[in-house]
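Any read-out appearing in this document is the output of simple, stated calculations on the displayed coordinates, not a laboratory observation. Bear in mind the structure is a predicted one, so any value in this text is a computation, not a measurement. Neighbour counts run over all protein chains shown; Cβ positions are idealised from the backbone, glycine included.
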Amino acid sequence: MVFKFRMISNEQDDFIRDFEILGDQTFLQLHEAIQDNLHFDKSQIASFFTCNQQWEKEQEITLFELSEEEATKVLVMDSTNIGDYLQDTHDKMIYVYDVFNERLFFIELVEILEQDSSIAYPFCSFEKGPAPEQVNLDAIFNSQPQEESTPLDQASLDDDKLPVWRDVRYIIAMSAEKIDEHIFLSRG
């Protein structure tokens, strides 16, 4: 069974991508197909979130395990199959590709197709419009100036209340929700 997903952006009105992936392939394989198509840096933290019909986040699927607590059930992209969490047309998910600024894509299952044995899945089957620019984390951590097209506010990078942004080990140790909370509180 092949799932055809439509991906759109809230930043670029004319951006559309369709990806086709087998139900028994993983979220990591979809993540890599997205990253390859958009020419993004695959080393940056990303997460998928399954959503209800109102796009409210439900289950997070992370790039790698962020919590060492056994009580917290963490789904990891490389061991979670797409078909285990999405099976019906109109099922929705959010792909957060910039956890620091909550930049994301909206993804909806638009069609279920028969597998074509001559095709290597996953792949991008349709694309329109330019992708949003990915923020260069090396520039942030090395205090290099950002390009004008990035959504980061330069003043927030110079803020003395944010020294932790320069410690990559600290950022990786935090969960995506904790990062969002930390950034919000630090700016307050």
Size of charge dipole - the range 2-128 - debye, nearest 20, with Cβ of Lys, Arg +1 and Asp, Glu -1, no other charges
220
List the GluC sites (Glu not before Pro) within the range 1-95 that fall in a DSSP loop (any state other than H, G, I, E or B) and whose Cβ has at most 14 other Cβ atoms within 10 Å.
E11, E56, E65, E68, E69, E70
Set of the range 1-15 residues, backbone N closer than 17 Å to the point 7 Å along the Cα-Cβ line of D116:
1-6
How about the range 35-109: which chymotrypsin sites (Phe, Trp or Tyr not before Pro) there are in a DSSP loop, with at most 14 other Cβ atoms within 10 Å of their Cβ?
W55, F64
Got a sec? Which residues in the range 13-41 would a label at D78 touch, if it sits 7 Å along Cα→Cβ and we count backbone N under 19 Å?
24-36, 41
